[in-house]
1. Can you find even one residue in region 137-147 that is in a helix (DSSP H, G or I), acidic (Asp, Glu) and at pLDDT 95 or above?
2. For the structure I just gave you, tell me whether residue 39 is assigned to a loop (DSSP other than H, G, I, E, B) and of a type outside the set (Asp, Glu).
3. Return the total of residues in region 153-175 being more than 23 Å from residue 285 (Cβ to Cβ) and either under 15 Å from the mean Cα position of the chain (by Cα) or without any contact (Cβ under 8 Å) to a residue 12 or more places away in the chain (or both).
4. I'm told residue 397 meets every condition in (1) under 30 Å from residue 171 (Cβ atoms); (2) among the β-branched types (Val, Ile, Thr); (3) over 19 Å from the mean Cα position of the chain (by Cα) except one. Can you identify the failing condition by its number?
5. When only residues in region 279-294 that are touching a Leu at 6+ places or on another chain (Cβ under 7 Å) and not in a loop (DSSP other than H, G, I, E, B) count, which is farthest from residue 260 (Cα to Cα)?
6. Of 128, 67, which residue is aliphatic (A, V, I, L, M) and either surrounded by fewer than 21 Cβ atoms within 10 Å (Cβ to Cβ) or within 25 Å of residue 30 (Cα to Cα) (or both)?
7. Name the one entry in 72, 32 that is in the same structural domain as residue 158 (by TED's automatic domain parsing), of a type in the set (Lys, Arg), out of contact with any Pro (no Cβ under 6 Å at 6 or more places or on another chain) and not in a loop (DSSP other than H, G, I, E, B).
8. So how many residues does region 361-380 have that are touching a Lys or Arg at 6+ places or on another chain (Cβ under 9 Å) and either surrounded by fewer than 20 Cβ atoms within 10 Å (Cβ to Cβ) or within 19 Å of residue 304 (Cβ to Cβ) (or both)?
Amino acid sequence: MTYDEAIDYLLLFADFERSGRFLDRPDVGPVRRLLRELGEPQEDRLTVHVAGTKGKGSVSAMIDSILRAAGRSCGLYTSPHLHDYTERVRIDGEAISRAGFARLTAAVQDAVVGLDLDDRGLVTFDLLTAIGFLAFRDARLDAQVIEVGLGGRVDSTNVFDSKELAVITPLSLEHTAVLGEAIEEIAAEKAAIIRPHTGAAVLAPQPRKAAADVVRERAKGVRVPLVDVRASYSWRVVAHDLRGQDVRIERPSGGLDVRLPLLGAHQVENAATAVAAADALRESAEIADEAILRGLASVRWPGRLEVLHESPLVIADGAHNRDSARRLAEALRDYFGAEGVTFVVGALSDKDVRGLAEELVPLATIVFAARSAHPRSLEPSEIAAVFEEQGARAEHVDSVANALERAMAASGSDAVICLTGSLFVAAEGRAHLGKAAV
């Protein structure tokens, strides 16, 4: 099996990320059966499981980097990818090879053939998750950091009989057709990764009290000790430049002066959450303060307030809902001194484009609405119309690359250009500027 054949095989299954369809699944029975057929490759290593609406990828990457700095061999499983499916499965910081990905897909395919699922099907993400666990088992890793794909309760990753740590990052409204219309419903789906036989749980600062209350009740109900980051930690930005920020984090065991190569106030909160996670793992993973500092200083997580070009300043950020757009606008003002921004915006058809527009239009000088290569990409004319309704000058363009070229051609050397609306838009902008490696 080649890499291209592996991708073709995986996409034969229902793929929520690409199609928007979500197979009705009352539990994770199908993926559990697949993992049993493969010999339970998710077990027998220290496990950190991370769910949330925003920041879960960043927090996962930070914890992985800290564990590696502490001398632990570690796997990181995240989604979606920016440029290549192999990015989803990382071993000691590096994506697995295409050849390795294809080999593992063939092993999963062999296991699928032997399954009797009683008319209950597998989805693409089930198979991708199994590939990640197989890669980590084959590499005989000490630890794994696993990011939830969608929700939590019936997510393909919610398959652990026990784990050392569950982390819940900030929660807001998303995927309401699947997870529920109310924040309490969404929080319950996410908090379901806190299960009996979880060593501890970490609750990141929450923008909505109702969501935090649901998580606390879940942890209490399954008798898992909970670390409330907002209650026990504090943080502040000391200084920042285009390449990162200096942060002071106070915690029960003493303060830390952190260099963080990620920008934005939200990343400081994410770093505090990662520090809390490291503190919770201190004994089981033997994590010293020096490992926390080195891990955070070396973390990589592209496509999130990432500077792609400096003159003019081009920034890529995967903000795709109102909350993340509000934080993006704050960062553009506070970190880059932007008073007027040229936006390149693309979005998927199920996203809150109006919420994006309402948050970003006050900063917008012009908006180039673009179509990304994703099959669920919204028509650029529809995006432009929403931004125009909010008072922005907007034009629609057939591709992200062409929109970025037009934005750069129309901008002086001191301008600020921001690609946003989707992580896929950020990825296409990165690739166009020759930054496809992650």
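The values are calculated or read from the model by the stated rules, or taken from the named source; none is laboratory data. Predicted, not measured: the structure shown is a model, and the values here were computed from it. Virtual Cβ from ideal backbone geometry, glycine too; neighbours counted across all protein chains shown.
1. Let us first name the residues in region 137-147 that are in a helix (DSSP H, G or I), namely 137-138.
With the extra rule that they be acidic (Asp, Glu), the set shrinks to 138.
After this cut, where a residue has to be at pLDDT 95 or above as well, the list is 138.
For region 137-147, residues in a helix (DSSP H, G or I), acidic (Asp, Glu) and at pLDDT 95 or above: present.
2. Numbers: assigned to a loop (DSSP other than H, G, I, E, B): yes; of a type outside the set (Asp, Glu): yes.
Yes; evaluated as a whole, the condition is true for this residue.
3. Step one: of region 153-175, the residues more than 23 Å from residue 285 (Cβ to Cβ) are 153-156, 170-175.
Subsequent filtering for residues that are either under 15 Å from the mean Cα position of the chain (by Cα) or without any contact (Cβ under 8 Å) to a residue 12 or more places away in the chain (or both) retains 155, 170-172, 174-175.
Residues that pass the stated criteria total 6.
4. Only one criterion is unmet by residue 397, namely (1).
5. Step one: list which residues in region 279-294 are touching a Leu at 6+ places or on another chain (Cβ under 7 Å), which gives 280-281, 284-285, 287, 289, 292-293.
Narrowing further to those that are not in a loop (DSSP other than H, G, I, E, B): 280, 284-285, 289, 292-293.
On the way: 280: 20, 284: 25, 285: 22, 289: 15, 292: 11, 293: 9 Å.
Filtering region 279-294 for residues that are touching a Leu at 6+ places or on another chain (Cβ under 7 Å) and not in a loop (DSSP other than H, G, I, E, B), the one farthest from residue 260 (Cα to Cα) comes out as 284.
6. Details: 67 fails: either surrounded by fewer than 21 Cβ atoms within 10 Å (Cβ to Cβ) or within 25 Å of residue 30 (Cα to Cα) (or both).
Answer to the check: 128.
7. Numbers: 72 fails: not in a loop (DSSP other than H, G, I, E, B).
Answer to the check: 32.
8. Within region 361-380, the subset touching a Lys or Arg at 6+ places or on another chain (Cβ under 9 Å) is 363-368, 374-380.
The next check asks that each one be either surrounded by fewer than 20 Cβ atoms within 10 Å (Cβ to Cβ) or within 19 Å of residue 304 (Cβ to Cβ) (or both); those that pass are 363, 365-366, 374-376, 379.
Looking only at that region, the number is 7.
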